[in-house]
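In what follows, a structure is listed as structure tokens, so that the remarks can point back to it.
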Amino acid sequence: MKSVFKALGDPTRRQILELLKADDLTAGAIAEHFTMSKPSVSYHLDILQQADMVLRQRKGQYIVYSLNTSVLDELVAWLIALQENENDDNDDNDT
């Protein structure tokens, strides 16, 4: 979970996730949306891949990146459970 929070902590990586939400893209296509160098974009993609937030698949001579929603689903479920626990604790304190 630590790697997920590290990945989400950077605005560039969050923007990459937004791009991949719309469509699967190559690193070059992702880089077109930024003013940074292609190696910098690759660095951010590596961080996202280490957190299992993106998947990569070779298609011919290209590597295509896609959003791995299962990790995001797990994160959302954990946050909801955490919030529910907080609400339960607050309800217990009200009595």
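The values are calculated or read from the model by the stated rules, or taken from the named source; none is laboratory data. Treat the numbers as computed from the prediction; the structure is a model and nothing was measured. For neighbour counting, all protein chains shown are included, and Cβ atoms are generated from backbone atoms with ideal geometry for every residue, glycine included. Quick note on the areas: whole protein, heavy atoms, side chains included, nothing else; ligands and nucleic acids left out. Shrake-Rupley method; radii C 1.70, N 1.55, O 1.52, S 1.80 Å.
The figure for PHE34 is an accessible area of roughly 30 square angstrom, using a 1.4 Å probe on the protein chains alone. For HIS44, HIS33, the ranking by accessible surface with the largest value first comes to HIS33, HIS44, using a 1.4 Å probe.
With a ≥ b ≥ c taken as the square roots of the eigenvalues of the C-alpha gyration tensor of segment 1-71, please select rounded if a/c is under 1.5 and otherwise prolate if a/b is larger than b/c or oblate if it is not? Since a/c reaches 1.5 but b/c is at least a/b, the shape of segment 1-71 is classed as oblate. Which number gives the lysine pairs in the chain that have C-alpha atoms under 21 Å apart and are eight or more places apart or on different chains? Value for the chain: 5. Rounded to the nearest 20, the size of the Cβ-charge dipole of the chain about its Cα centre is 1140 debye, with Lys and Arg at +1 and Asp and Glu at -1. In this structure the amide hydrogen of PHE34, modeled in the peptide plane, comes within under 5 Å of no amide hydrogen from residues 5 or more places off or on another chain. Note on the chain: dipole from Cβ charges, positive end direction compared against MET36, GLY9, LEU79; the farthest Cα belongs to MET36.
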